[in-house]
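Okay, structure first, notes after.
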Amino acid sequence: MKFYAIKGENASFIVDSWDEAQIKIKECIKPKYKSFNSLEEAEAFISGEVIKNEINGPVAYIDGSYNDINGEYSFGCVLLVDGKEYTFNKKYEADEYSNSRNVSGEIKGAGFIIQYAINRGFKSLDIFYDYIGIEKWFMHEWKANSGIAIKYVEFADKVRNKIKITFHKVKSHTNDHYNDMADSLAKRALGI
């Protein structure tokens with residue numbers, strides 16, 4: 001049996017037929033929807049929760065930050081592998097990518113941790129992020145217009161056959177321990 005989870009800005013639903021799902025989709029403002037093989041997975045999609053069995057490999061949490069005063073940006077990253085926790089962060093001086101603010105840091109963080117995983121021979125990586133462009137550009141679901149997004153898409157095209165990346169959206173500033181840690185690491189890199 002299939003379950004169809006539909007969530008929008010105004011409502012969310014779980015139904016068990018595609019015909020009914022199509023009706024509910026029209027009732028939602030900015031709907032997102034997906035089919036699942038279990039009710040538990042559909043409920044997790046609605047709540048934004050990640051079911052542990054969806055995690056396939058090492059896990060990374062990334063976040064970006066930006067300094068309004070000088071145009072510097074940064075990323076913070078927490079990598080969880082075999083029960084161990086590794087942290088990374090890096091600051092970038094103001095440059096041609098500063099106009100994308102903290103998104104530049106998020107993109108740099110995603111690129112860094114993906115390349116790090118490839119260099120260490122990881123076959124897969126689960127990335128948790130709070131800015132959806134990280135996934136959308138990588139998967140060619142959004143057109144890249146900014147210079148840094150274009151570079152990220154070019155990078156994605158070079159590495160997508162070297163490692164399986166699974167993306168997970170988390171809400172920012174909602175007491176998700178590792179997302180908050182990545183945010184803190186990014187801010188620390190900028191001294192803020």
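The values are calculated or read from the model by the stated rules, or taken from the named source; none is laboratory data. Computed from a prediction, not measured in an experiment: that's the story for all the values here. When we count neighbours, we look across all protein chains shown, and the Cβ atoms used for this are built from the backbone with ideal geometry, even at glycine. The accessibility values were calculated without ligands, DNA or RNA, using every heavy atom of the protein model including side chains. Shrake-Rupley method; radii C 1.70, N 1.55, O 1.52, S 1.80 Å.
What helices (runs of 4 or more DSSP H), lying completely within the range 1-119, carry at least 3 residues that are within 23 Å of residue 155 (Cα to Cα) and open to solvent by 50 Å² or more (accessible area, probe 1.4 Å)? It would help to see each step written out before you state the result.
Working: elements: 18-27, 39-47, 102-119.
Of the helices (runs of 4 or more DSSP H) lying wholly inside the range 1-119, those with at least 3 residues that are within 23 Å of residue 155 (Cα to Cα) and open to solvent by 50 Å² or more (accessible area, probe 1.4 Å) span 102-119.
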Need the failing condition index for residue 126 against (1) at pLDDT below 95; (2) out of contact with any His (no Cβ under 8 Å at 6 or more places or on another chain), just the number. (2)
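Within the range 58-81, track down each residue that is touching a Pro at 6+ places or on another chain (Cβ under 8 Å) and free of Cβ contacts under 8 Å to residues at least 12 places away in the same chain. Spell out how you get there, then give the answer.
Looking only at the range 58-81, we keep the residues that are touching a Pro at 6+ places or on another chain (Cβ under 8 Å), and these are 79-81.
Scanning the range 58-81 gives no hits.
Among the residues in the range 51-59, are any in contact with a strand residue (DSSP E or B) (Cβ under 8 Å, 6 or more places away or on another chain) and at positive phi?
Taking the range 51-59 and keeping what is in contact with a strand residue (DSSP E or B) (Cβ under 8 Å, 6 or more places away or on another chain), we get 54-59.
If we keep only those that are at positive phi too, we end up with none.
Looking through the range 51-59, none of the residues is in contact with a strand residue (DSSP E or B) (Cβ under 8 Å, 6 or more places away or on another chain) and at positive phi.
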Tally time: how many residues in the range 150-192 are surrounded by 15 or more Cβ atoms within 10 Å (Cβ to Cβ) and in a helix (DSSP H, G or I)? 19
Would you mind stating whether residue 26 is at pLDDT 80 or above and at positive phi? no
Those residues that are within 23 Å of residue 81 (Cα to Cα) and out of contact with any Gly (no Cβ under 9 Å at 6 or more places or on another chain), I need them from the range 131-158; list them, please. 135, 138
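State which residue is surrounded by the fewest Cβ atoms within 10 Å (Cβ to Cβ) when the search covers only the range 120-144 and only residues that are in a helix (DSSP H, G or I) and either among the small types (Gly, Ala, Ser) or free of Cβ contacts under 8 Å to residues at least 60 places away in the same chain (or both).
First pass over the range 120-144, keeping only residues in a helix (DSSP H, G or I): 133-138.
The next check asks that each one be either among the small types (Gly, Ala, Ser) or free of Cβ contacts under 8 Å to residues at least 60 places away in the same chain (or both); those that pass are 133, 135-138.
Numbers: 133: 19, 135: 18, 136: 15, 137: 24, 138: 23.
Among residues in the range 120-144 that are in a helix (DSSP H, G or I) and either among the small types (Gly, Ala, Ser) or free of Cβ contacts under 8 Å to residues at least 60 places away in the same chain (or both), the one surrounded by the fewest Cβ atoms within 10 Å (Cβ to Cβ) is 136.
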